[in-house]
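Below: one structure, written as structure tokens.
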Amino acid sequence: MKKVLVIGGGGREHAIVDALSRSARVGKIYCAPGNAGIAQQAECVPIKDTDVDALLAFALREGIDLTVIGPEASLAAGVVDAFRSAGLKVFGHTVSATRIEGSKEFAKRIMEKYGVPTAAYRSFEDYSEALEYVSGRPFPAVLKYDGLAAGKGVVIAADLKEADEALRDMLVDGSFGKGRVVVEDYLEGPEFSFMCFVDGARVYPMPLAQDHKRVFDGDRGPNTGGMGAYTGLPFITEEDRRFALDGILRKVAEGMVAEGCPLTGVLYGGLMKTADGVKVIEFNARFGDPETEVVLPLLESDIYDIFEAVASGTPVADLVWSSDVTMGVVLASKGYPGHYEKGFPIEIPERNMKIYHMGTAMKDGRLVTSGGRVMMCVQRSSDIAEAREAVYSDVDAVRCDNLFCRRDIAHQAFEA
Ligand code: AMP
Ligand code: GLY
């Protein structure tokens, strides 16, 4: 039986650990650093997800057969490169391939070179040049700080005044660190997430999902890490999906091979269905969160086999997905994504429900909140309305004084 190490400690990693725990080949799962929910299914080890040396030493000492990486920070820190140099099997991209997420300019150049549709853009280092370009373009303008900015790097400026403020912030005041800004045209349409397992030019699609980034119902309020997600998107036709797979994800995978930095993990396309066809908003070099929590429960094949095949450079033999749909609702700390308090006790009833922990901890033997996004309830059914009813019933059964959630997850599925 195999020993697996999962790196990360959020809901995404809990869903990965949960999928691995269904594998017939896995005997022992470790998670670094994990969380209180993951600890029920894996042995958590207190190593930071970017501490490459400590992670490598642990994997060598424990004789880990396969390591699976959740967060982009671990990829960008070079975990994959270090593990491979030490002869270890690892699922995730090298630092060089991770640029498809870490550098927006790199991603734009790849898309331009390989004919992948995305918003027109220009990239700037100089504030005055950026401002001059923006003033000659239609509003709203999209300004993206180039570099990993923990989701805070995108500003949609309604007018020149807002654009000026954002550009000053990004290029003059240096509050993000020294960098560049990508200015791009504003696109409109429903967004969706398309994740694929990618091994060089081999691309294996997962079911489509939709995230809900804004904190309040009706897609209002500030952006968050994601307040809920579902699968089974009625507004995406099979033709759209085919185009996204062959005209977007496959082209990028082939482009990355040609550029000498092949992908060997998950490629996540953040896509938009515009009036003009499906276009790319962004790429991530990892599983999405919270999309993973609604996608992986639908996997009927053994996930260890998939991770191992990609990590070994051999074709994935078996990839079967359930035709059910899933829906997940995030319970977040009141105040999130702004200031919030931690340490509130959580009571979860004994009943058949699937909960992925995102920010929980154990304190004096009790489960407590320890993050902005705390947990996610997930339900599945052949019918999205049934999944919705079941998941909100679960949400209402969780007892905690400091949690809130959105009540309209999957609203686009019901409006379609
Ligand atoms: P990103 O970090 O690139 O995914 O951007 C965060 C969010 O900003 C996206 O999920 C979109 O909702 C929005 N966004 C980014 N780029 C554009 C664009 N070109 N047009 C419209 N909205 C965008
Ligand atoms: N759900 C968006 C992300 O994982 O970046």
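The numbers here are math on the coordinates, done by the rules we state, and not lab data. What you see is a predicted model; the values in this text were computed from it and never measured. Virtual Cβ from ideal backbone geometry, glycine too; neighbours counted across all protein chains shown.
Taking R0 as 30 Å, what FRET efficiency do you get between Ser301 and Asp364 from their Cβ-Cβ distance, rounded to the nearest 0.05?
Rounded to the nearest 0.05, the efficiency is 0.15.
Just need the relative contact order of the chain here, percent rounded to a whole number, with Cα pairs under 8 Å and 6+ apart.
Here the relative contact order equals 16 percent.
Could you tell me what a quarter of the Cα convex hull surface of the stretch 1-158 works out to, in nm² with one decimal place?
12.1
Return the single residue from Ala57, Ala32, Ala244 with maximal mean-square fluctuation; model: Gaussian network over the chain, springs between Cα atoms under 10 Å.
So, out of Ala57, Ala32, Ala244, the one fluctuating most is Ala57.
For the stretch 211-250, what is the Kirkwood estimate of the hydrodynamic radius, computed as the reciprocal of the mean inverse distance between distinct Cα atoms, to one decimal in Å?
12.0
Say we join alpha carbon atoms closer than 10 Å with springs in a Gaussian network model of the chain; which of Val374, Val330, Val154 then has the biggest fluctuation?
Val154
From a point 7 Å beyond the Cα of Ala317 in the direction of its Cβ, which residues of the stretch 257-284 have a backbone N at a distance under 14 Å?
Output list for this probe position: empty.
How about the stretch 316-352: which GluC sites (Glu not before Pro) there are in a DSSP loop, with at most 14 other Cβ atoms within 10 Å of their Cβ?
Sparse-neighbourhood loop GluC sites (Glu not before Pro): Glu341, Glu350.
So what is the relative contact order for the stretch 324-405, in percent, with contacts set as C-alpha pairs under 8 Å and at least six apart? Write out the running numbers ahead of the final one.
Working: 165 pairs, mean separation 36.9, N = 82.
Here the relative contact order equals 45 percent.
Any number yet on Rg/Rh for the chain, C-alpha, Kirkwood?
Using Cα coordinates only, the ratio equals 0.95.
How much length is gained if the chain between Glu254 and Lys161 is pulled fully straight, taking 0.36 nm per residue apart and subtracting their Cα-Cα distance, in nm to one decimal?
29.4 nm
For a label point 7 Å from the Cα of Ser85 along Cα→C-beta, name the residues of the stretch 286-318 whose backbone N is under 13 Å from it.
No residues fall inside that zone.
Test of the criteria: in the stretch 102-141, which GluC sites (Glu not before Pro) are in a DSSP loop and have at most 12 other Cβ atoms within 10 angstrom of their Cβ?
Those satisfying the criteria are Glu125.
Do you know the relative contact order of the stretch 37-180, to the nearest whole percent, from alpha carbon pairs under 8 angstrom that are 6+ apart? Write down the numbers at each step before the final one.
Working: 157 pairs, mean separation 21.4, N = 144.
In percent, rounded to a whole number, it is 15.
So what's the net charge close to Ala390: Lys and Arg +1, Asp and Glu -1, counting the other residues with Cβ under 13 Å from its Cβ?
Summing Lys and Arg as +1 and Asp and Glu as -1 gives -2.
What shape does the stretch 208-304 take by its C-alpha gyration tensor, where a ≥ b ≥ c are the square roots of the eigenvalues and a/c under 1.5 counts as rounded, a/b above b/c as prolate, and the rest as oblate?
prolate
Under a GNM of the chain (C-alpha, springs under 10 Å), which listed residue has the highest mean-square fluctuation: Val79, Val398, Val95?
Val398
Using label points projected 7 Å from each Cα along Cα→Cβ, tell me how many nm separate Thr274 and Glu389, to one decimal.
4.0
Enumerate the calculated ³J(HN,Hα) couplings along the stretch 49-64 in order (Karplus 6.51 cos²θ - 1.76 cosθ + 1.60, θ = phi - 60°), each rounded to whole Hz, writing x wherever the residue is Gly or Pro.
6, 10, 7, 4, 5, 5, 5, 5, 4, 5, 4, 5, 5, 8, x, 5
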